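Below is one structure; the comments refer to it alone.
Read-outs: derived from the displayed coordinates by stated rules, not from any lab. Bear in mind the structure is a predicted one, so any value in this text is a computation, not a measurement. Heads up, the Cβs are rebuilt from the backbone with ideal geometry, glycines too, and the neighbour counts pull from every protein chain shown.
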């Protein structure tokens, strides 16, 4: 009795797809092998992505579903997209300073100023949404925490599988892999199977591949790989992002940054913030090129602690003074006015008032100070550098005195240097002009974490892009005529430079018997 062609094809198909006894590191069917070739290295080793919407997953424990949500690539992409949109808002819209937001009245005045002029009737809505302080909102910080959790979960989920691939790799593949692999070759060599297998091993060793023999009982299987630790670059890169974000959190919660630290020349100024330091600018010099552009700003700064000098340095824009993790950067400079205020002969205020602002026409330099406990605010006005004003001759300063709850100024006397004037029971004295240097003082306890995270990011990126895991499988079987057939295959995934290496190995196998 003969078998029809159709029946023979069906029988052949059943044989081809029949599940074989499972051997660790082997696939179970021809269809599995084809899927492995199509999807690449991750699927070869069981690292394929898991679908959280699969019916099997929907019936799992809630904690398991949370875990699948965190390790989902879709989750990470959505979080990054939302953070990107919020960051765009924070970049395009004006952002209130922490100092302005710390006081309700100051914040209301800030909103009524430039934001109202720029955004009109949208100000109230934007404020309700927190878009004037995006980076401190609960939802922005919450997304950052969620992103950190997702990155950590992905790393925890992936690392054991990568470890298994690196330490216990799959060493044998079925024949269908070698007929469909992106990189493949078939070579017939003279000699028995073991001789041919040794030639494959020698060729792989010659390219610095690790070589492991397969577990087949018919013929020989040889596996070779290089850069097996390369895939861990993704884990290192992911963890680096967490370390960098942790550094920012540490910096924001434990450090400080004062961008408006003014040190009058010759005056001790406490640094504050629990540092116990006092700063004094012994001198300040500024030099210019012939065309008038600034050449150098230099402050000779001395630091003292507990009455003892602990540091001294000439501080420049790119040469900060660093002591016990506190950085002093040169930021700006200017002229101030030494002011003394007395009440019935008793001194209640003595300070150098920096003239930090200019009038709209640029003719006047303006400073401002408040007298504690008196509800008095005073503007100190002088002619700007290079300006000649009849109402403000050189060597004079105008004191415009305001009081809380009073619409008009209480007085605006022009006082000569060394002279005094009385306004509403207080005596104001213009002692002298004094130069000052402006410093940015900061203590960033999380900076080392940011640097560490940046280094890890570079290392992880290098591993991913320049040390891709290269793997080759060889299947050696006897032809029955004194020769052996060597089938060589390899996946090609994000590593185009591997193809010439593969061809060179195949060429070495072909010529090794010569």
Open item on the list: If each DSSP helix of 4+ residues adds -39,500 (n - 2.57) and the sum is divided by the residues in the chain, what number results at 222 nm, nearest 500 deg cm²/dmol?
Closed with: -11500 deg cm²/dmol
Task: Efficiency of FRET between residue 389 and residue 434 - r from beta-carbon atoms, R0 22 angstrom, step 0.05 - done: 0.60
Task: Label-reachable residues, segment 208-246, where backbone N falls under 11 Å from a point 7 Å from residue 152's Cα toward its Cβ - done: 242-243, 246
TODO: Taking 7 Å along the Cα-to-C-beta vector as the label spot, tell me the residue 105-residue 503 distance in nanometres, rounded to one decimal.
DONE: 7.9 nm
Open item on the list: Checking the a/c ratio against 1.5 first, then a/b against b/c, what shape does the Cα gyration tensor give for segment 256-443?
Closed with: oblate
Task: Rel. contact order, % - alpha carbon contacts under 8 angstrom, at least six apart, the chain - done: 19 percent
Task: FRET efficiency, residue 141 to residue 404 (Cβ-Cβ, R0 51 Å, nearest 0.05) - done: 0.90
Task: Amide N of segment 421-452 lying under 19 Å from the label point, which is placed 7 angstrom from the Cα of residue 332 along Cα→Cβ - done: 434-442
- [ ] For segment 91-111 and segment 431-499, write down the distance between their C-alpha centroids in whole Å.
- [x] 42 Å
- [ ] Assuming R0 = 45 Å, can you tell me the calculated FRET efficiency for the pair residue 492 and residue 88, based on Cβ-Cβ distance, to the nearest 0.05?
- [x] 0.75
- [ ] Mind giving me the nanometre distance, one decimal, between the label points for residue 273 and residue 419, set 7 Å out from Cα along Cα→Cβ?
- [x] 4.2 nm
Open item on the list: Students often get this wrong, so try it: which of [x] 128, 52, 45; [y] 134, 61, 39; [z] 132, 86, 48 is Cα extents along the principal axes in Å as calculated from the structure shown?
Closed with: [x]
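Given axes a ≥ b ≥ c from the Cα gyration tensor, I'd like to know whether segment 55-162 is rounded (a/c under 1.5), prolate (a/b larger than b/c) or oblate.
prolate
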- [ ] Assign one of three labels to segment 129-257, namely rounded, prolate or oblate, based on the Cα gyration tensor with a ≥ b ≥ c the square roots of its eigenvalues; rounded applies when a/c is under 1.5, prolate when it is not and a/b is larger than b/c, and oblate otherwise.
- [x] prolate
- [ ] Mind jotting down the distance between the C-alpha centroids of segment 117-189 and segment 223-277, whole Å?
- [x] 23 Å
